[in-house]
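Below you'll find the structure, written out as C-alpha cells, and then a few comments.
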Amino acid sequence: MPKERLNVPGFRAAKRAGTRIKMVTCYDYTGAVLADRSPVDAVLVGDSLGMVMMGYSGTTGVSMEEMLHHLRAVVRGAPNTMVVADMPFGSYNVSPEQAVANANELMRAGADCVKLEGGIPFYDTVRTLVRAGIPVMGHVGLTPQTAAALGGFKVQGRDAEAARQIIDDAMSLQQAGAFSVVLEMVPAPLAHHITEHLTISTIGIGAGNGCDGQVLVWHDMFGLYDRLAPRFVKRFAEAGQVISEGLAAYCTEVDNGAFPGPEHSFKMKQEELLLATAEPAIRS
C-alpha cells in the first residue's frame, strides 16, 4: 500500500502534532524510486547535485536547465513522495518577477514547492512567490550558494549578533509566507530556539535534533562522496564501499573467465550453429 503523500498542509500538521519530517536529497530516477519505497516524507532535488552528480567545485554552477533535467527524473520515480526543488544560484536574485518565472518552470516540471536561500533581503521575493501560488521553503544559516561571503563552509550564528541575524532571517521568511525553513550549520541551541518560536516547520542539517525535521545529502549519508566530510553527517550505509568491492569482484571474474558463466549466457541448437557456419556452396 502506498504511503500517504506529504504536502504543504501536512508540514503544518506535523508541526502541531510534533511529528518529525524526514527529508533526503535526490537527483535521479533510481534514487527516487528507492526513496519513494521508504518512509522518507520528502525529497529535495538540491543544487548539491552540482557537486555530487556533476563534479563542480560548488553549487553556483548549476543552471536551471540542469535542475529541470534532474527534477523531471526524480518526479517520475517518486509519485508518492513530496518533491522540493532548489532554485539555482542566479535564478531568483535579480527580481521577484525573475523568481516567479523560474519557479513556474520548476512547478511545471513536477515540483511541489521551491526552496531558495536567504532571509530578510528576499522577503519581497518570497512574498511574491507565495502570492503567485508557489509554496516556498526558505533556507538560512549556512547558505552554500553564497558560502564564500560567509567565510566558507563553517558554522554560522555562534556569537550573539550573528545568531540574532539568523533569528530575524527565519522570522522574516515566516512573515513572507514560507511554509518551512531549512536551518543549516547553526548551533543546536539556536536552532531549537528558532524552532520553538516559529509557527512553520524547521528542517535541520547540521543544526541538532531540536528541529521539526531533518535533511541529509544522499551521497553523504551513504558514503558515495568523499570530497567533503561534514561533521554533522552520519553514514547510514557504506554503499560506496560495497560498490567498490563489487567492481573489484567483477574485474577479477572477467580476468579469470568466471564471468559470464553458463547461467548468464544464451544457448542455441548445435545444428543451427552448424548450418549458420557452414561453407557457402560453390557457384558456377
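Quick notes
- Test: ILE282 is at pLDDT 95 or above and either loosely packed, with under 15 Cβ neighbours inside 10 Å or aliphatic (A, V, I, L, M) (or both): no
- Elements of type strands (runs of 3 or more DSSP E) contained in region 17-112, each with 1 or more residues being basic (Lys, Arg): 21-25
- Residue list for region 22-67, restricted to those being aromatic (Phe, Trp, Tyr) and more than 14 Å from the chain's Cα centre (by Cα): TYR56
- Within region 75-119, if we keep just the residues that are out of contact with any strand residue (DSSP E or B) (no Cβ under 7 Å at 6 or more places or on another chain) and of a type in the set (Ser, Thr, Tyr), the residue that is nearest to PHE179 (Cα to Cα) turns out to be TYR92.
- Which numbered condition PRO260 fails, given (1) assigned to a loop (DSSP other than H, G, I, E, B); (2) under 24 Å from CYS113 (Cα atoms): (2)
- Subset of region 231-249 (residues that are part of a loop (DSSP other than H, G, I, E, B) and either among the β-branched types (Val, Ile, Thr) or touching a residue at least 60 places away in the same chain (Cβ under 8 Å) (or both)): VAL233
- Close pairs (7 angstrom Cβ cut-off, 6 or more residues apart or separate chains): over 26 Å from GLY210 (Cα atoms) in region 9-38, assigned to a strand (DSSP E or B) anywhere: TYR27/VAL45; ALA32/VAL43
- Against the test of being assigned by TED's automatic domain parsing to the domain that holds GLN98, among the polar types (S, T, N, Q), touching a strand residue (DSSP E or B) at 6+ places or on another chain (Cβ under 9 Å) and in contact (Cβ under 8 Å) with a residue 40 or more places away in the chain, the options THR202, THR195, THR143 yield a single qualifying residue, THR143.
- For region 172-219, the set of residues classified as of a type in the set (S, T, N, Q), in contact with a Cys (Cβ under 6 Å, 6 or more places away or on another chain) and not in a helix (DSSP H, G or I) consists of THR202 only.
- Flag for GLU271 being at pLDDT below 95, over 30 Å from SER172 (Cα atoms), assigned to a helix (DSSP H, G or I) and out of contact with any Phe, Trp or Tyr (no Cβ under 8 Å at 6 or more places or on another chain): yes
- Within region 129-171, being at pLDDT 95 or above, surrounded by 21 or more Cβ atoms within 10 Å (Cβ to Cβ) and in a helix (DSSP H, G or I) holds for LEU129, ILE166, ASP169, ALA170.
- Lone qualifier among LEU224, LEU273, LEU228, LEU216 - being free of Cβ contacts under 8 Å to residues at least 40 places away in the same chain and of a type outside the set (Asp, Glu): LEU273
The values are calculated or read from the model by the stated rules, or taken from the named source; none is laboratory data. Just so you know, these numbers come straight off a predicted model, no measurement behind them. Ideal geometry is used to build each Cβ from the backbone, glycine not excepted, and the neighbour counts take in all protein chains shown.
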